[in-house]
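Below: the structure, in structure tokens.
FYI, it's all coordinate maths here, none of it is from the lab. The model shown is predicted, which means the values in this text are computed figures rather than measured ones. Here the Cβ positions follow ideal geometry from the backbone for every residue, glycine too, while neighbour counts run over all protein chains shown.
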Amino acid sequence: MLPLESLNGLVTFVTTARSGSFTEAADALGISRSAVGKAIARLETRLGVRLFHRTTRQQSLTDAGQAYYDRCVRALTELYDAEAELDSGRRSPQGRLRVSAPLVFGRHCVAPVLRDLAAQHPQLQIDISFNDRVVDLIEEGYDLGIRIGGAIEPSFVAVRLASNRRVVCASPEYLHRNGMPKTLDDLAQHNCLAFNLQGGQQRGWYFQQNGKPVIVKVQGNLDCNDGELLHRWAGEGLGLAWRSTWEIQAQLASGELVTVLDDYALPHYDIMAVYPQQRHLPAKTRFFIDYLKEVYAQPDYWNRAAAKP
């Protein structure tokens, strides 16, 4: 670990290199010219190299000095950024935050949160977009995306906001008329309702069989791009639907829907906050993620959220 004197010497060195003058560096740092000269001399002695070419009026960096300067700037920038991040974390979050979220999830589970968040933190400007396509966060300039299951790009970080599973569900009336599917092969005998904005998942449902993920191609006479309409159709007895547990909790609790093929359900299809990898996550982004996690961890939250019109 560098002693404090050495750290001060780095600041003096960087300031001198930027100004090109001991006198200007002294003025910027509020110390004497001789103090600057002594600090540079001590640093050169400790390193065993000459950092500056000295003339009467000006100092310029040697090759070794330039290489050392570049490293020092990066190190000091890290320190200043860390202090700024800690300081911003102590204050109310502020600035513009662009967020993307799935349509139905956004309406039920993000929009209500934003009401309270905006009232409590008026300096935080949230720009949110609800849609069901896979958004390119970097290309479209988003700070954060909310995703439900699916693969995450290697250059992104995913933080779990809440647990979730994907299950096959239907109304008791539909199952009474058409029978209960007991194996994945039985799906071929059923009308399967499809969500048509899932790319390759449009007519393919994901399961787990013998410890491995599998995709089962399904058939049916209805598809749509509205998740709420899809599980409404399921409740009306029009077919089987493959839905997230968060959005059908109320229907499951009331008995309007029941799940089938539970032994084949994927163990996790979690709700995640996703953002591009970066050296320092902005405080506003970290705050928003932590806020959502706290809200979603409340007892009975998902039953209440799914029941909202």
Would you pick out the residues in the stretch 38-65 that are in contact with a strand residue (DSSP E or B) (Cβ under 9 Å, 6 or more places away or on another chain) and either touching a residue at least 60 places away in the same chain (Cβ under 8 Å) or not hydrophobic (A, V, I, L, M, F, W, C) (or both)? GLU44, HIS53, ARG54, GLN59, SER60, THR62, GLY65
Could you please find all residues in the stretch 29-61 being small (Gly, Ala, Ser), surrounded by fewer than 16 Cβ atoms within 10 Å (Cβ to Cβ), over 16 Å from SER6 (Cβ atoms) and out of contact with any His (no Cβ under 8 Å at 6 or more places or on another chain)? GLY30, SER32, SER34
Segments classed as strands (runs of 3 or more DSSP E), wholly inside the stretch 107-218, with at least 1 members that are over 19 Å from PHE288 (Cβ atoms): 166-170, 192-195, 204-209, 212-217
Step by step: first the residues of the stretch 234-253, then only those that are part of a helix (DSSP H, G or I) and in contact with a Gly (Cβ under 7 Å, 6 or more places away or on another chain), then the one that is farthest from PRO181 (Cα to Cα). Which residue is that? GLU247
Inspect all residues belonging to the stretch 254-273 and state whether any of them is within 25 Å of ASN210 (Cβ to Cβ), touching a strand residue (DSSP E or B) at 6+ places or on another chain (Cβ under 6 Å), of a type in the set (Phe, Trp, Tyr) and in a helix (DSSP H, G or I). yes
With the condition kept exactly as written, say whether any residue in the stretch 39-60 is in contact with a Gly (Cβ under 9 Å, 6 or more places away or on another chain) and within 30 Å of PRO282 (Cβ to Cβ). no
